[in-house]
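Chemist: Quick one: this structure, given as structure tokens, is what I'll be asking you about.
Each value in this text was obtained by applying a stated rule to the coordinates, not by laboratory testing. What you see is a predicted model, and the numbers here were worked out from it, not measured in a lab. Ideal geometry is used to build each Cβ from the backbone, glycine not excepted, and the neighbour counts take in all protein chains shown.
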């Protein structure tokens, strides 16, 4: 459990180095990735993988919106860092490997799963953006 | 001329319409090459054009080309994009420049100068640090995919070697498919030998951790996001790009598995 916490933090932060994220955003990226991965692991016990991914992405998106406001950087930096542990890159590779090995049934199954997961992540990010905008409008209105 | 303000814009459009189009195209080019989403590129270009006096600007962006026009009757300008990576630093800097241009904190000439600097900027982290980061990522993903710490140990050098191979091979031959194929073949080979000599235990866990810095996970997600936002051509071509990358990696690993 603690091992998963540490590794997901390091994985997300070091992946952001590959994506050339600004150095002062690396810690927050790692944090977002860690939260997303832990939430995914917890939700994955009870629900379907797609639902768990969607829920984790939603929370990552909201956290990224919050970070973006407080650190004055675009949302994309933090949301990319946060979803890195969740994106189905490994699945896509695995699906292709099955196709190459002539295990087509298994390959199609994995490919569809990868597609559904990426759809869940995209939907989670879009929904969190909409929620962020609604929240922003409300605070602006109450501020005036 | 009726008023000083219209007079001003007409002078502007005579002297620098080309500069403004050039500025918007440059901003769009940097963002697209840095892996920004399609809607963000189009949005930034229209906003910058609006801030410089062309509120009716239109743009059409796909992963390989930017088309831009300042109004319906003007001819369309086109810019070809050959290569794309993910560079969050550049995306955020261009975002910043376009925001300050809209808030009139920057003039067009200043924005042009800053965009030029951003365009020329290299990766902020040195290559050895990128390779080290890739190595760490690989080892961590091995653990996250329920591999043991004994598997993470060989993952560290193997994923670093794989990433270094991609960087080096991509410089050597300009075909990305080939570079990814060879790199994943090297990863598979090293993982096989590490298990054979007893350094690691589960070859599958080592391999999947090590290919994580190369796989197109973010690309697939961006493809679906583009499709959802109605950018059908961009979404499909990004999907095809992701498919090719995954295919290259899968083939490289599959070759190793079929050899031994």
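Chemist: Let me know the whole percent of all Cα-Cα pairs from the stretch B:21-70 that are separated by more than 16 Å.
Modeler: The share of Cα pairs beyond 16 Å in the stretch B:21-70 comes to 24 percent.
Chemist: Expressed as a fraction of 2.2 N^0.38 Å, the rule-of-thumb size for a compact globular protein of N residues, what is the C-alpha radius of gyration of the stretch B:188-229?
Modeler: Normalised Cα radius of gyration, the stretch B:188-229: 1.70.
Chemist: Of all the Cα-Cα pairs you can form in the protein assembly as shown, what percent are over 41 Å apart?
Modeler: Distances greater than 41 Å cover 17 percent of the Cα pairs.
Chemist: Note the direction-averaged projected area, equal to a quarter of the hull surface, for the Cα convex hull of the stretch B:70-223, in nm².
Modeler: 12.5
Chemist: Here's something else I'd like to know. Counting every Cα pair in the stretch A:2-142, what percent are over 24 Å apart?
Modeler: Roughly 35 percent, rounded to a whole number.
Chemist: Compute the helix-to-body angle for A:104-143: its Cα long axis versus the longest principal axis of chain A, expressed 0 to 90° and rounded to tens.
Modeler: In chain A, helix A:104-143 runs at an angle near 10 degrees to the longest axis.
Chemist: Next question, about the same structure. For residue B:67 and residue B:124, compute 0.36 nm times the residue count separating them, minus their Cα-Cα distance, and round to one decimal in nm.
Modeler: Between residue B:67 and residue B:124, full extension yields an extra 17.6 nm.
Chemist: Follow-up question, since we're still on this one. With an 8 Å cut-off on Cα pairs and a minimum separation of 6 or more residues, tell me the relative contact order of the stretch A:9-50 in percent.
Modeler: Relative contact order for the stretch A:9-50 comes out at 40 percent.
Chemist: Also, quick follow-up: Give me the inter-chain shielding for B:247-259: mean count of other chain Cβ atoms within 10 Å, whole number please.
Modeler: Shielding by partners across B:247-259 averages 4.
Chemist: If you don't mind, there's one more thing I want to ask. Using a 10 Å cut-off around each Cβ, can you sort A:37, B:150, A:47 from fewest to most neighbouring Cβ atoms?
Modeler: In order of increasing Cβ crowding within 10 Å: A:47, B:150, A:37.
Chemist: In whole Å, largest first, what are the principal axis extents of the Cα atoms in the stretch B:133-207?
Modeler: The principal-axis extents, from largest down, are 37, 24, 15 Å.
Chemist: Could you tell me the relative contact order of the stretch A:2-142? Use alpha-carbon pairs under 8 Å, at least six residues apart, and round to a whole percent.
Modeler: 26
Chemist: How long is the gain from residue A:2 to residue A:48 if the chain were fully straight, where each residue apart is worth 0.36 nm and the alpha carbon distance is subtracted?
Modeler: 14.2 nm
Chemist: Taking every Cα atom in chain B, find the radius of gyration and the maximum pairwise distance Dmax, and write them in Å.
Modeler: Here Rg and the maximum Cα pair distance are 22.8, 85 Å.
Chemist: Below 8 Å between Cα atoms, with a sequence gap of 6+, how large is the relative contact order for the stretch B:50-94 in percent?
Modeler: Reported as a whole number, the value is 26 percent.
Chemist: Averaged over its residues, how many other protein chain Cβ atoms are within 10 Å of peptide B:207-219's Cβ atoms?
Modeler: That works out to 6 on average.
Chemist: Sticking with this one: Got a sec? Which residues in the stretch A:1-39 would a label at residue A:66 touch, if it sits 7 Å along Cα→Cβ and we count backbone N under 18 Å?
Modeler: A:9, A:25-39
Chemist: How do B:113, B:202 rank when sorted from fewest to most other Cβ atoms within 10 Å of their own Cβ?
Modeler: The most exposed by this proxy come first: B:113, B:202.
Chemist: As a footprinting exposure proxy, order B:42, B:110 by other Cβ within 10 Å, with the fewest listed first.
Modeler: B:110, B:42
Chemist: Inverting the mean 1/r over all pairs of different Cα atoms, compute the Kirkwood radius of the stretch B:144-260 and quote it in Å.
Modeler: Evaluated on the stretch B:144-260, it is 14.9 Å.
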